[in-house]
Amino acid sequence: MISTRVPDDGVLVAIDGGNSKTEVVVLARAQDGLVERARAIGAGSGAGPDAVVAEVGALLRQTGTEPAQVSRVSAAVAGLDFPGDDVGYRTALSGLFPHAQVDVMGDAVAVLEAGAGSGHALAIVCGAGLNAVARGPLGVATVPALGWASGDGGGGDELGRAAVRAAARAEDGRGPATTLRALVLTETEAADTVELARSIRDGRVSMRQVGALAAIVARAAADGDAVAGNLIAHAASEALLLAGVVARGAWGAEASVPPGTPAVLAGGVFSDPAFRAHVSDGLRDLGFDPHPLEFRPVDGIVRTLRESASGQAGPSTRAAAEPDTPDAAP
C-alpha cells in the first residue's frame, strides 16, 4: 500500500488562475530556501472552481507533480468578486491537494503585492476583463468585476466585442468606415459580418475568439484608424474611472493620494502603448506613479511563499486578500 503521508520536504505550489491563462509554479524545499522545480502555463480557468482544478491538475501532470505530496498551495484566482467567493475555490483546491494548506486570493490582489509589496498602492488589471484594487489608510478597496453585470466597460473581451460591432456597423452603413471590418473578417475567416454574426450565434466562433480581437483593435489604432483609436481611448477612460473608485475606497472621499504612490499596471491590454499612455497620464493626475508589472503575477506569489518559508516579515496571501479594517469596502 502506498503511503499518502506528506514528507517533511513536501513541495509548495503557486497558482495564477486567470481568465486568459493558468500558470503553476512548483517549489521544493532546499537547504537555502525554496527552489523552483517546475512551471507550466495552460488555458484560462475563469469558469469556476471545477475549471480551475481541472486546469491545475492537468498542469501538475505535465510537471510530474503528485498533488498528495504538496504541503502548501497559494492561489490567485480571477472571479473572487464578493465575500465568500473564495470558499468554493478553497474547497475545490483542497480536494485536489488533500494534505496541503490552501490559501486563495483575488488575482488583482496578487498583482498589487507582486508589483508593490504590502504598502499603500493601486493595481489595475486589464486582460480579458478589467479589475482594480487599492490599499490605503482605510484598508483594501475593490469592486466586483463581472463584466457588464457589474457596470464594467473595459477589458479585452469588451474591446473584442466592440471590434465586431464596429465592423458590422461599417459594413451596413450604421457606423463610419474602419479598417477593423477587414481585420475582423480576416481573423475570424468570415466572408462578411452577417456570416460572422451567425457563426458567433451558433458557436462556431467562440467568445474567447471574439475577446482575442482586442489585439487587432490595438493594431488598427496604432495604424491611425479613428474608430479603433476611439475604442482604445474609451477603454482607458473606463480603467481610470475604476481606479478612481477604488482610490476613494482606500484613501477616502477626497481620494487624497500622496504623490508618488505606486500604481501597478498588469494584463495584456497594457501591452498596447496608446492604452498604457492614456491610463498612465490619468493616474499621474490622481497622484500615482504608474509602472507596468515587471514580472509575472505568479512570481509575486512565489516571492511571498519564499519570504514565509524563510521567516521574513510580510503578509500571508490570505491576509492580503482581506480588508485591513472592517470599513475597507468602497
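No lab work stands behind these numbers, since they all come straight from the coordinates. Quick caveat: nothing in here was measured; it's all calculated off a predicted structure. Neighbour counts are summed over all protein chains in view; Cβ atoms, including those assigned to glycine, are modelled from backbone coordinates with ideal geometry.
As a size descriptor, the averaged projected area of the C-alpha convex hull of the range 154-242 was calculated at 5.4 nm². Here is the size of the range 183-225 from its Cα atoms: Rg then Dmax, 10.9, 33 Å. Considering only GLN31, GLN69, GLN209, the mean-square fluctuation computed in a Gaussian network model of the chain, springs between alpha carbons under 10 angstrom, is largest for GLN31.
Quick one: Kirkwood hydrodynamic radius for the range 41-157, alpha-carbon pairs, angstrom, one decimal?
That comes to 15.3 Å for the range 41-157.
For the range 92-198, the alpha-carbon radius of gyration amounts to 1.55 times the rule-of-thumb value 2.2 N^0.38 Å expected for a compact globular protein.
Ellipsoid semi-axes for the chain, based on the Cα gyration tensor and the rule √(5λ), read 36, 26, 16 Å when sorted largest first. Diagonalising the gyration tensor over the Cα atoms of the range 7-71 and scaling each eigenvalue by 5 before taking the square root yields semi-axes of 23, 11, 9 Å, largest first. Return one number: the angle in degrees, 0 to 90 and rounded to the nearest 10, between the long axis of the Cα atoms of helix 193-202 and the longest principal axis of the Cα atoms of the chain. Between helix and principal axis, roughly 30 degrees. Only residues of the range 240-266 count here: report those whose backbone N is under 16 Å from the spot 7 Å along Cα→Cβ of SER150, or say none. Correct set: 240-250.
Would you work out the relative contact order for the chain, in percent, from Cα pairs under 8 angstrom that are 6 or more residues apart?
On the way: 671 pairs, mean separation 64.0, N = 330.
19 percent.
Considering the chain as a Gaussian network with a 10 Å cut-off on Cα pairs, which listed residue, GLY244, GLY260, GLY300, attains the greatest mean-square fluctuation? Of GLY244, GLY260, GLY300, the Gaussian network model singles out GLY260 as fluctuating most.
Against the main long axis of the alpha-carbon atoms of the chain, helix 49-63 sits at an angle near 70°. Whats the longest run of the chain with zero trypsin sites (Lys or Arg not before Pro) that are DSSP loop and have at most 14 other Cβ atoms within 10 Å? Here the longest segment lacking exposed loop sites spans 6-173. When the Debye formula is applied to the Cα atoms of the range 226-306, each taken as the same point scatterer, what base-10 log of I(q)/I(0) results at q = 0.14, 0.20, 0.21, 0.22 Å⁻¹? Here the Debye-derived log intensity ratios amount to -0.54, -0.95, -1.00, -1.05.
Per DSSP helix of 4 or more residues, -39500 (n - 2.57); summed, then divided by the residues of the chain. What does that give at 222 nm, rounded to the nearest 500? Value at 222 nm, helices only: -13500 deg cm²/dmol.
The alpha-carbon positions of the range 158-207 define a convex hull whose volume is 69 Å³ per residue.
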